[in-house]
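Student: Quick one: the structure is below, questions incoming.
Computed from the coordinates by the stated procedures, all read-outs in this text should not be read as laboratory data. Every value quoted in this text rests on a predicted model; they were computed, and no experiment measured them. Backbone-built Cβ (ideal geometry, glycine too); neighbour counts: all protein chains shown.
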Amino acid sequence: MKSEIHPKYKAITIHFPNGDTFLTNSAYGEDKLYVDVDFRKHPAWTKKGVASANASNAKVSKFNNKFGSFDFSSKTK
């Protein structure tokens, strides 16, 4: 394996619009990251409001009815 090809991880602070901060590790180049959208409240993560948006779209509903029971996990026997 080649050496020195992996990014350097370090602690960074993520700053949210409401003033909250979140400490994590990242390969991001700066010590602070300011975000415009709080991922903890976004519908993609909370699942609130997503069902009604998908239900209103006929193509999405048809796809979910046809393939909703598929399990894409990587379980092998």
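Student: Would you mind putting 30-39, 7-16 in packing order, based on average other-beta-carbon counts within 10 Å, highest first?
Tutor: Working: 30-39: 10.6, 7-16: 12.6.
Listed from highest to lowest mean packing, they are 7-16, 30-39.
Student: Work out, step by step, the length gained on full extension between Ala58 and Trp45: first 0.36 nm times the residue separation, then minus their alpha carbon distance; give nm to one decimal.
Tutor: My answer for the length gained is 2.4 nm.
Student: Give me the aspartates and glutamates in straight-line cross-link reach of Lys10: C-alpha distance below 14 Å, same-chain residues under 8 apart excluded.
Tutor: Counting by Cα, and skipping residues close in sequence, Lys10 has these aspartates and glutamates nearby: Glu30, Asp31.
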